[in-house]
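Visitor: Questions regarding the structure given below will be posed in turn.
The values are calculated or read from the model by the stated rules, or taken from the named source; none is laboratory data. Because the structure is predicted, anything quoted here is derived from the model rather than measured. Note that we place each Cβ from the backbone using ideal geometry, even for glycine, and neighbour counts take in every protein chain shown.
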Amino acid sequence: MKNRRNFLKIAGLFGIGLPFKACTESNSVNQNNSKLRNGKKPIIISTWTHGLDANKVGYEILKNGGTAIDAVEQGVRVVENDPDNQTVGIGGFPDREGNVTLDACIMKGDGSCGSVAFLQEIKNPISVARKVMEETPHIMLVGSGAQKFALEYGFEKENLLTEKTKADYKAWLKKSTYKPEINIENHDTISTLALDDKGKIAGACTTSGAAWKMHGRVGDSPLIGAGLFVDEESGAAAATGLGEAVIRTAGSAMVVESMRRGLNPYEACVDVVERIRRKHKSLKDLQVGFLALDMQGNYGAYSIHPGFNIAIGDNNGHILIDAKSMF
């Protein structure tokens, strides 16, 4: 798994109306991007270091006149297909029984959406979720039903447990605390939001879930309104972190609703993180972060603990920035 902390560090993420702050960038990123950027379209934003890889593919689609929904789907597929990433798609950390189970959802600004949960042996759940959206009257398919549907639409079965992840699982079995490892480094769901040049907005979210989870556990990532929410009247938001905490607050829907009430994307993310804080006695082992994008191309992000970063791609290039945090 790529080490997102060592990729680069850029200080300060601010929302609309807040002052820009100079930042230092690594040589891997366009050196002309000396300040955070707002109000651009087309634009694509994603969670974590691997979001840079997703954005590069997604932005090429946007740059060439493609749609936001194509950009987010094709972008996150890059991460799903990376066997070295152990939190999304193939190579993802398994549950306590040694099974890799995947969750994903996708949504357009007009409310169209699709989702799959507890999907096994199919490495691109985001594309299955899109098929659910486009080919069925339903929103969510789960488990064996989701797999059967995927196979009917030409997806192929494959073993998602790589040798590296299998070795990590065997190492975990030696201590076998029989509870998910909850900490600020363990939740690397990729969530991607995009606004195309026609003003259409879309989002995607995909994950293998919390490592060593109970067999059958589903987090926030495939739940419309929790892990992802998109509304063409206000904007889009997505979550990363401990899914149970996000679900309890209908997190992403609340971020979008906060933007509807007039908050900018950064302020909306802060608003919902504060709501999560009020519902938990201890935040020591709890990490949740949100990113948001409005219909003008302004973006923001915020998390409980430091370490959450987001990738931004627009006509100035691609950068990674550290989100502001509560602590």
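Visitor: Sort out which residues of the range 230-245 are part of a helix (DSSP H, G or I) and in contact with a Lys or Arg (Cβ under 8 Å, 6 or more places away or on another chain), and write them in order of number. Can you show your working first?
Guide: Residues of the range 230-245 that are part of a helix (DSSP H, G or I), as a first pass: 243-245.
Result: Ala245, single match.
Visitor: Of all residues in the range 54-90, which are of a type in the set (Asp, Glu) and farther than 24 Å from Gly219 by Cα? Working first, answer last.
Guide: Narrowing the range 54-90 to residues of a type in the set (Asp, Glu): 60, 70, 73, 80, 82, 84.
Correct list: Glu60, Asp70.
Visitor: Just one of Gly66, Gly114, Gly58 is of a type in the set (Gly, Ala, Ser), part of a helix (DSSP H, G or I) and at pLDDT 95 or above; which is it? Spell out how you get there, then give the answer.
Guide: Numbers: Gly66 fails: part of a helix (DSSP H, G or I); Gly114 fails: part of a helix (DSSP H, G or I).
On inspection, the qualifying residue turns out to be Gly58.
Visitor: Pull up the range 211-227, narrow it to residues that are among the small types (Gly, Ala, Ser) and in contact (Cβ under 8 Å) with a residue 40 or more places away in the chain, then point me to the one that is farthest from Val273 (Cα to Cα). Reasoning before the result, please.
Guide: If we filter the range 211-227 for residues that are among the small types (Gly, Ala, Ser), which is where we start, we get 211, 216, 219, 221, 225-227.
From what is left, the residues that are in contact (Cβ under 8 Å) with a residue 40 or more places away in the chain are 211, 216, 219, 221, 227.
Values: Ala211: 23, Gly216: 27, Gly219: 17, Ser221: 17, Gly227: 14 Å.
Among residues in the range 211-227 that are among the small types (Gly, Ala, Ser) and in contact (Cβ under 8 Å) with a residue 40 or more places away in the chain, the one farthest from Val273 (Cα to Cα) is Gly216.
Visitor: Further question on the same structure: Can you tell which of Ala210, Ala238 is of a type outside the set (Phe, Trp, Tyr), at pLDDT below 95 and either surrounded by fewer than 21 Cβ atoms within 10 Å (Cβ to Cβ) or touching a helix residue (DSSP H, G or I) at 6+ places or on another chain (Cβ under 9 Å) (or both)?
Guide: On the way: Ala238 fails: at pLDDT below 95.
Step by step, each of Ala210, Ala238 is checked, and only Ala210 is of a type outside the set (Phe, Trp, Tyr), at pLDDT below 95 and either surrounded by fewer than 21 Cβ atoms within 10 Å (Cβ to Cβ) or touching a helix residue (DSSP H, G or I) at 6+ places or on another chain (Cβ under 9 Å) (or both).
Visitor: Let me ask something else. Residue check: is Asp84 at pLDDT below 95 and either closer than 28 Å to Lys200 by Cα or acidic (Asp, Glu) (or both)? Steps first, please.
Guide: Details: at pLDDT below 95: yes; either closer than 28 Å to Lys200 by Cα or acidic (Asp, Glu) (or both): yes.
Yes.
Visitor: Additional query: Return the pairs, sorted by first residue and then second, in which the second residue is not in a strand (DSSP E or B), the first residue lies in the range 228-239 and is hydroxyl-bearing (Ser, Thr, Tyr), the beta carbons are less than 8 Å apart, and the residues are 6+ apart or on different chains.
Guide: Taking only residues 6 or more apart or on different chains, the pairs are Ser234/Val256; Ser234/Glu257; Ser234/Met259; Ser234/Arg260; Ser234/Met295.
For every residue, the table says whether it meets (1) touching a Lys or Arg at 6+ places or on another chain (Cβ under 9 Å); (2) over 17 Å from Glu232 (Cβ atoms); (3) surrounded by fewer than 16 Cβ atoms within 10 Å (Cβ to Cβ); (4) modelled with pLDDT of 95 or more.
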| residue | (1), (2), (3), (4) |
| --- | --- |
| Ala253 | no, no, no, yes |
| Glu257 | no, no, no, yes |
| Arg260 | no, no, yes, yes |
| Val273 | no, yes, no, yes |
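Visitor: Could you give me the residue pairs with C-beta distances under 8 Å whose first residue belongs to the range 146-162 and is free of Cβ contacts under 8 Å to residues at least 60 places away in the same chain and in a loop (DSSP other than H, G, I, E, B), whose second residue is crowded, with 17+ Cβ neighbours inside 10 Å and not charged (D, E, K, R) wherever it lies, and which are 6+ apart or on separate chains?
Guide: Note: pairs meeting the criteria are Tyr153/Val128; Phe155/Ile122; Phe155/Asn124; Phe155/Ser127; Phe155/Val128; Glu156/Ile122; Lys157/Ile122; Lys157/Gln147.
Visitor: Check whether at least one residue in the range 246-256 is polar (S, T, N, Q), assigned to a loop (DSSP other than H, G, I, E, B), within 19 Å of the chain's Cα centre (by Cα) and under 21 Å from Ala117 (Cβ atoms), and report yes or no. Lay out the reasoning, then the answer.
Guide: The first filter runs over the range 246-256 and keeps only residues polar (S, T, N, Q), leaving 249, 252.
After this cut, where a residue has to be assigned to a loop (DSSP other than H, G, I, E, B) as well, the list is 249.
Imposing the further condition that a residue be within 19 Å of the chain's Cα centre (by Cα) reduces the set to 249.
With under 21 Å from Ala117 (Cβ atoms) added as a condition, the list becomes 249.
Yes: the range 246-256 contains one or more residues that are polar (S, T, N, Q), assigned to a loop (DSSP other than H, G, I, E, B), within 19 Å of the chain's Cα centre (by Cα) and under 21 Å from Ala117 (Cβ atoms).
Visitor: Of the numbered conditions (1) within 16 Å of the chain's Cα centre (by Cα); (2) closer than 28 Å to Leu173 by Cβ; (3) assigned to a strand (DSSP E or B); (4) not basic (Lys, Arg), Gly92 fails exactly one; give the number of that condition.
Guide: Answer for Gly92: the failing condition is (3).
Visitor: Now for a different question. With respect to the numbered conditions (1) within 26 Å of Val230 (Cβ to Cβ); (2) crowded, with 17+ Cβ neighbours inside 10 Å; (3) in contact (Cβ under 8 Å) with a residue 40 or more places away in the chain, which one is the sole condition not fulfilled by Gly111?
Guide: Exception for Gly111: condition (2).
Visitor: Being among the hydroxyl-bearing types (Ser, Thr, Tyr) and more than 21 Å from Lys41 (Cα to Cα) is the filter; apply it to the range 281-327 and report the residue that is surrounded by the most Cβ atoms within 10 Å (Cβ to Cβ). Spell out how you get there, then give the answer.
Guide: Going residue by residue through the range 281-327, those that are among the hydroxyl-bearing types (Ser, Thr, Tyr) are 282, 299, 302-303, 325.
Filter once more, keeping what is more than 21 Å from Lys41 (Cα to Cα): 282, 302-303, 325.
Details: Ser282: 6, Tyr302: 27, Ser303: 29, Ser325: 18.
So, considering only residues that are among the hydroxyl-bearing types (Ser, Thr, Tyr) and more than 21 Å from Lys41 (Cα to Cα), the one surrounded by the most Cβ atoms within 10 Å (Cβ to Cβ) is Ser303.
Visitor: Kindly indicate whether Thr24 is surrounded by fewer than 19 Cβ atoms within 10 Å (Cβ to Cβ) and modelled with pLDDT of 95 or more. So that I can check it myself, show each step before the final result.
Guide: Numbers: surrounded by fewer than 19 Cβ atoms within 10 Å (Cβ to Cβ): yes; modelled with pLDDT of 95 or more: no.
So Thr24 fails the test.
Visitor: If I go through the range 37-75 residue by residue, how many of them are buried (at least 24 other Cβ atoms within 10 Å of the Cβ) and at positive phi?
Guide: Summing the residues that are buried (at least 24 other Cβ atoms within 10 Å of the Cβ) and at positive phi in the range 37-75 gives 1.
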